[in-house]
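Just below is one structure, and these are the notes that go with it.
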Amino acid sequence: MLNRVAFLFYEEINMQSFNFSAGPAMLPADVMQQAQAEFLDWQGCGSSVMEISHRSKEFIAVAEKAEQDLRDLLAVPDNYKVLFMHGGGRGGFASVPMNLSQPEQTVAHLVTGSWSKGAVTESAKYANTHIIGTDVLIDGQKTLSKQTEWEWPEGDIAYLHYCPNETVEGFQIAQPPTHKGINLVADMSSNILSKPININDYACIYAGAQKNIGPSGLAIVIVHEDLLGQAQTCTPSIMNYAITAEYGSMYNTPPTYAWYLSGLVFQWLKDQGGLAAIEQINQQKAQTLYQLIDQSSFYQNNIAPQHRSIMNVVFNLPNSELETLFVKEAAAAGLHALKGHRSVGGIRASIYNAMPLAGVETLAQFMLAFEQSKG
Ligand SMILES: *Cc1c(COP(=O)(O)O)cnc(C)c1O
């Protein structure tokens, strides 16, 4: 009952509180309102969109529009497949080596935080997995080891895998680390659609939806068509990119409601002016927080400026007691889910596309006030 009441007043609640959750994360208020309005009776058909067949012409239209809008936003060339899959981000940790390498082949990985580390552990089950470079601490600042110092294994390499935005550590690699024509694979679970990218730089991109796209349960894979059809024999059919492509992502029942809602988000992004416009706002939001941190001796972030994430801003206070108090008082002020990941502690403000500038400005005001009273 309480939830229902909260939902009715979504608009008012949203005006005074902001959700900084790392994932599943907040969605645009406009999208939530549209979904709410058509929840029980979608386009006059008397049912919810989640209650109709994925093979109905009505749902196929939803699915095709979502794919086309995603292609438009990212300028995906025709020779790439866009797949709507299950399995989230971690599903990609397994499906990438299964689809894009052979068991005896070597794959190269950059490890710059928790998620790229997780990708290595999973990949090792399916391919010869080598870590060629990592994050390093130089003059007290976290940065990426020099490309000239990366240790490449001998022989053929199926691809280089990296994570452009480490969600837990707030560490980004802004430019794709292209190297001698080696196929590049990126886990974009927490930064897809945050800025324009050149799809041609990548052989494959994958992302769980619940950070910067839509609800959990959906994963997006964008893969060059020339790489399909050579999956390892162990690959489950529902994780096979070629089969998924052949069946229009409907080999089995896809997560239809997540697909529909993600489609609303793609339309919303187009209405905002596309990815170049969203990137500007994202930069403005992130710089608001990083400037405040740099001008203060109370808040600390030790990541080299070019590697600071524009999606997940992490910082520390002088001690963990103050951090606990910060999280508690922020929540009381309507600023929710600011606790850092349990593995690293500290504070994390996740400010994906859906977070309005006003949310970040409110957080900045709170940070200044907190520092004044406790610093
Ligand atoms: C959240 C996240 C994942 C894991 O996603 P799941 O959908 O929970 O499997 C993987 N990679 C990155 C970069 C993430 O942020």
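Can you tell me the FRET efficiency between THR134 and SER343 if r is taken as the Cβ-Cβ distance and R0 is 25 Å, rounded to the nearest 0.05?
Calculated value: 0.90.
Pick out the long, greasy-scoring helices in the chain: whole DSSP H runs spanning 27 Å or more along their own axis by Cα, mean Kyte-Doolittle at least -0.5.
Answer set is 274-294.
Using 0.36 nm per residue of separation minus the Cα-Cα distance, give me the extension gain between GLN287 and GLN68 in nm, one decimal.
This chain segment gains 75.6 nm when fully extended.
For ILE303, enumerate residues with amide H under 5 Å from its amide H, sequence gap 5+ or separate chain, H modeled in the peptide plane.
LYS142
For the range 163-246, what number results from the quotient of the Cα radius of gyration and 2.2 N^0.38 Å?
Its radius of gyration relative to the 2.2 N^0.38 Å reference: 1.16.
Check which residues have an amide H placed less than 5 Å from SER21's amide H, if you skip close sequence neighbours.
HN-HN under 5 Å from SER21: MET26.
Could you pull out every one of the lysines with an alpha carbon less than 27 Å from that of LYS211, ignoring same-chain neighbours closer than 8 positions?
Excluding near neighbours in sequence, the set is LYS65, LYS81, LYS117, LYS125, LYS142, LYS195, LYS270, LYS285, LYS328, LYS339.
In whole Hz, with x marking every Gly and Pro, tabulate ³J(HN,Hα) for the range 177-190 from phi via Karplus 6.51 cos²θ - 1.76 cosθ + 1.60, θ = phi - 60°.
Rounded to whole hertz, the list is x, 5, 8, 6, x, 5, 4, 10, 10, 10, 8, 9, 3, 10.
Run the simple label-point estimate for GLU104 and ASN198 please: 7 Å along Cα→C-beta, distance reported in nm.
Those two pseudo-labels are separated by 3.6 nm.
Which peptide among 155-166, 69-80 comes first, and what is the full order, when sorted by highest mean count of other Cβ atoms within 10 Å?
155-166, 69-80
How high is the FRET efficiency between ASP294 and GLN34 when r is their beta carbon distance and R₀ equals 35 Å, given to the nearest 0.05?
It comes out at approximately 0.35.
With a 10 Å radius around each residue's Cβ, average the other Cβ atoms per peptide and rank 132-142, 339-349, 102-112, highest first.
So the peptides 132-142, 339-349, 102-112, ranked by packing, come out 102-112, 339-349, 132-142.
For the chain, with every protein chain kept in place, what is the accessible area per residue (1.4 Å probe, Å²)?
Accessible area per residue: 45 Å².
How much length would be gained if the chain were fully extended between ALA332 and ILE182, taking 0.36 nm per residue of separation minus their Cα-Cα distance, in nm to one decimal?
That pair, ALA332 and ILE182, stretches by 49.0 nm at full extension.
Could you work out how far apart the two model spin labels at MET250 and SER17 are, taking each label as a point 7 Å from the Cα in the direction of the beta carbon, and quote it in nm?
Between MET250 and SER17, the simple spin-label model gives 3.9 nm.
Over the range 88-158, what percent of the accessible surface lies on carbon and sulfur atoms, probe 1.4 Å?
Taking all protein chains in place, the range 88-158 shows 48 percent carbon and sulfur surface.
The values are calculated or read from the model by the stated rules, or taken from the named source; none is laboratory data. As the structure is a computational prediction, the values presented were derived from the model and not from experiment. Please note: Cβ atoms are built from the backbone with ideal geometry, for glycine as well, and neighbour counts cover all protein chains shown. When the accessible area is computed, the model is the full protein with side chains, heavy atoms only, and any ligands, DNA or RNA have been set aside. Shrake-Rupley method; radii C 1.70, N 1.55, O 1.52, S 1.80 Å.
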